[in-house]
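Working notes, structure below.
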Amino acid sequence: MIEFHLDARSGVSPYLQLVRQVRQALRLGLLREGDQLPTVKDVVARLAINPNTVLKAYRELEHEGLIAARPGVGTFVTRTLSDASLAAHGHLRHELRRWLSRARQAGLDDESIEALFMTTFRAAAEEDIA
Amino acid sequence: MTTLLRTRELGKRYRRRWALRDCTLDIPAGRIVGLVGPNGAGKSTLLNIAAGQLAPSAGSIEVLGGHPASGPAQLAKVGFVAQDTPAYAALTVADHLRLGARLNPRWDAAAARNRIERVGLDPAQRTGTLSGGQRAQLALTLGVAKRPELLILDEPVAAVDPLARREFLQGLMEAAAEYELSVLLSSHLVTDVERVCDYLVVLVDSHVRVAGDVDELLSSHHRLTGPRRDPGTLPAGQHVVSVSHTERQTTLLLRAESPIHDPAWTVSRVGLEDLVLAYLSPPTAAGRPALEVLR
Amino acid sequence: MIWLTWRQFRVQAAVVFGAIVALAVVLVVTGRELADSYAAGLAACTASGGCSAFLTNFLRDHDAQYYGLAAVTMALPGILGVFWGAPLVSRELETGTHRLVWSQSITRTRWLAVKLGLVGLASMLAAGLLSLAVSWWATPLDEAGASARPRLSPVVFAARDLAPIGYVAFAFVVGVAVGMLVRRALPAMAVTLAIFVALQIAVPLWVRPSLLPPVEATVAITPENLRGIGMSSPDGTARELTIAVEESGSWILDSDTVGADGAPVGALPAWFSECDPIMLTGPPTDPAVRNCFDRLAEEGYRQHITYHPGSRYWTFQWLEVALYGAATLAAAGFAFWWLRKRLC
């Protein structure tokens, strides 16, 4: 079973943190189809957060078709995220490595690389939305 | 949807001084409401009125559709954990549970016993020897086992250490999830409020400065930075919460119902803590040191 | 609520009732001996002709216990008012526990009603028990001292029968009300004590005598009713006569020697100094003594006495209870009003 944690300083809203942690666990194969998620009561008792936050996160995941609630039993994983994308990981990682080494050759330090990546990432994301 | 708390120009006066004034709120049921503000802003007064402990001097108030001090039935619907979580020092933990059982028609004895056991309280211990955190847990147990529809807590964790505070909030949220409790709590710790609350009320100088759903507040408030200019020239629908200027730059925190398109501004989102701090500072005090917090 | 009140109160209750029951047991044992020795002594002296010496000795021998018990009985209402009444609510206000109990599903009116009722009745029971035991124990002494210290006289009256129950009810409720006003236990206790003591002094001095119109009588001064001659001025020239009224156990409020015109005389005539040493001690058959009484009568000297006859004892007991009972109800009414309107 997955164990949630919260980073209060991340600036990401708590409900989104929960959603991402479930997706991450699905991607990494830590959660598989049929696994049960902790109950809302268990999550709030552990994290001391608003129950509505957990409900909202679960609703979002349910909407994405990743989990399903069975009344009176619990909430279960209905789909995994690992199979399709994992295969692509190796190739992408290899390309990223090469890009990183080119960046270093160009004289960028860690912070500059991170800033460059994040600004490009955000710009691309915004273009996609637009 | 039923209303948790509905007040109209509610006020409370002590001799000449108004502790709370013109307080008008509509809070839907099922919420976990955080009441923040500096000491003496009227938080306790509002909570005590809502719990039926204090009679208002002006205006009207409805809690869960009833008048707060209308009788035992209303008292049974509303749990109240008073500031500093008082307990009878000479009585034991078990005595307090018995007190709860005798004085509350819907008392959940099993839940009370379980909670006491889980938080590690010795039933035979006198409450005079409990730590602040343990006493807070006992008070929470009494409040929860009463099985109210609304639990009101007045600065329940103001005087306890961080670990006990976390444990207290865990217990509170667990109860809120388990019994579908509405919660109304005051705190001066915005981080706690941010974690547990989905509705926020900011009280300053005995007046309500802002109240609303936390997500809505966060999405309608923006921090704008840009070349120095007069905030009076902003379009309608944008309300300045706080302003600070340097020689060339103006930083605004404002509330706007619609997105901001003015390209002169760099718009960024505002965290709940900054939002609360902006409201706690006087609105007209542009450029005062009190606004340092905004940078 | 009854359980909580009892749980908070049981230690204090055990201490007070334990002490009272222990004292009552002692009083029952010694009281029977006292009654037996009184009956035996009275029988003996009646047979031998004169009982005044026996009665004087009997009273004197038990003075310490008699006044000691009167003091305890009079003090108990004050003690309970101070230690049970004053802290009852003020201690809760001081420690904030009122906010714990008021947030249970019980109205504060009911909370106060149960507290007042239960602890108040307990205090009345305690005072009643003590008063009953002491009154029973002191029956022979009260009988023997009917004229020297009648039951209607303030010190005895306040420590007998019903009066202490009225006092304790009043002291307790006033303590509670003062505690609600002052909100702190210690000052409330001090104020309660002050109010109670002030009333215990004021009522017998100024209130109780006028609850009923006193009886006034002007009587001749005779060897039978002359009980004492005292000095009423520092130089020893003016004399004051103590004259008994016919009914035993009467509470004398005022006693003046009046002249032929019916007005009080400032001082008895000069010739009286000759009579002074012999009138009380000499046998009434002595011509010199006879002459003194005759001359007082001839010159029109008589004694004007204002008093409450001893037969009014129970009337006064009930009046006292009614008076304090009314004050208790008023204080309780105030306490409830204050609780609802002001105490927040």
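Readers should treat all values here as calculations from the given coordinates under stated rules, not as data from a laboratory. Since the structure is predicted, the reported quantities are computational estimates derived from the model, not experimental observations. Every residue, glycine as well, gets a Cβ built from its backbone with ideal geometry; the counts of neighbours run over all protein chains shown.
In order along region B:107-117, the Karplus-derived 3J(HN,Hα) couplings, from 6.51 cos²θ - 1.76 cosθ + 1.60 at θ = phi - 60°, round to 4, 9, 5, 5, 4, 4, 4, 4, 4, 4, 5 Hz, and Gly and Pro are given as x.
Compared with the dominant Cα axis of chain B, that is its longest principal axis, helix B:162-179 is turned about 80°.
Put a dot 7 Å past the Cα of residue C:322, heading toward its Cβ, do the same for residue A:33, and the two dots end up 9.5 nm apart. The equivalent ellipsoid of region B:69-128 has semi-axes of 22, 14, 10 Å, largest first, where each one is the square root of 5 times an eigenvalue of the Cα gyration tensor. Centre-to-centre, using Cα atoms only, region A:1-51 and region B:1-70 are separated by 35 Å. Here residue C:281 and residue C:215 are evaluated by their C-beta separation; at R0 = 25 Å the FRET efficiency comes out at 0.25. Among the residues of B:166-175, the average count of other protein chain beta-carbon atoms within 10 Å of the residue beta-carbon is 5.
Counting only Cα atoms, the size of region C:101-235 along its three principal axes is 74, 36, 27 Å, in decreasing order. Amide H contacts of residue B:242: B:253, each under 5 Å away and 5 or more positions distant or on a separate chain (H built 1.01 Å from N in the peptide plane; Pro and chain starts excluded).
Add +1 for every Lys or Arg and -1 for every Asp or Glu among the other residues with Cβ under 13 Å from the Cβ of residue B:187, and state the total. Summing Lys and Arg as +1 and Asp and Glu as -1 gives -2.
Size of the protein assembly as shown: Rg and Dmax of its alpha carbons, in Å, are 41.9, 149.
Looking at region B:3-205 alone, DSSP beta bridges between its own residues are antiparallel in about 45 percent of cases. Stretching residue C:338 away from residue C:36 to a fully extended chain increases their span by 103.3 nm, per 0.36 nm per residue minus the current alpha-carbon distance. Its Cα gyration tensor gives region B:3-205 an equivalent ellipsoid. The semi-axes, each the square root of 5 times an eigenvalue, are 27, 18, 16 Å from largest down.
Averaged over the residues of peptide B:81-92, the number of Cβ atoms from other protein chains lying within 10 Å of each residue's Cβ is 4.
Evaluating 6.51 cos²θ - 1.76 cosθ + 1.60 at θ = phi - 60° for every residue in region C:192-206, the Karplus couplings come out as 4, 4, 4, 4, 5, 5, 4, 5, 5, 8, 6, 5, x, 7, 10 Hz, glycine and proline recorded as x.
Here chain A is scanned for trypsin sites (Lys or Arg not before Pro) in DSSP loops (not H, G, I, E, B) that have at most 16 other Cβ atoms within 10 Å, and the longest stretch holding none of them is A:80-130. On full extension, the segment bounded by residue A:121 and residue A:1 gains 40.0 nm, given 0.36 nm per residue less the C-alpha separation.
Counting charges near residue B:96 (Lys, Arg +1; Asp, Glu -1) among other residues having Cβ under 15 Å from its Cβ returns a value of +4.
Model label points for residue C:43 and residue B:73, set 7 angstrom from Cα along the Cα-to-Cβ axis, are 7.3 nm apart. Less than 5 angstrom separates the built amide H of residue B:152 from those of B:79, B:80, B:81, B:184, all sequence-distant by 5 or more or on a different chain.
Each Lys or Arg adds one and each Asp or Glu subtracts one; over the other residues with Cβ under 15 Å from the Cβ of residue B:218, this totals -3. The mean number of Cβ atoms from other chains found within 10 Å of a Cβ in peptide C:90-103 is 6, as a whole number.
Over the C-alpha trace of region A:82-129, radius of gyration and Dmax come out as 13.2, 37 angstrom.
Sequence-ordered 3J(HN,Hα) estimates for region C:48-61 from the Karplus curve with 6.51, -1.76 and 1.60 and θ = phi - 60° stand at 8, x, x, 10, 5, 5, 4, 4, 4, 5, 4, 5, 5, 5 Hz, glycine and proline given as x. Computed across region C:301-344, the Kirkwood hydrodynamic radius from all distinct Cα-Cα pairs reaches 13.7 Å.
When GluC sites (Glu not before Pro) are flagged only if DSSP places them in a loop and at most 11 other Cβ atoms lie within 10 Å, the longest unflagged stretch of chain B comes out as B:1-179. Counting only alpha carbon atoms, the long axis of helix B:132-145 and the longest principal axis of chain B meet at about 80°.
Shown is the FRET efficiency for residue C:206 and residue C:14, computed with R0 = 35 Å from the Cβ-Cβ distance and rounded to the nearest 0.05: 0.35. Centre-to-centre separation between the Cα atoms of region C:68-135 and those of region B:105-168: 30 Å.
Taking the C-alpha atoms only, the angle from helix C:86-95 to the longest principal axis of chain C is near 30 degrees. For region C:56-141, the average shadow cast by the Cα convex hull is 6.6 nm², which is a quarter of the hull's surface.
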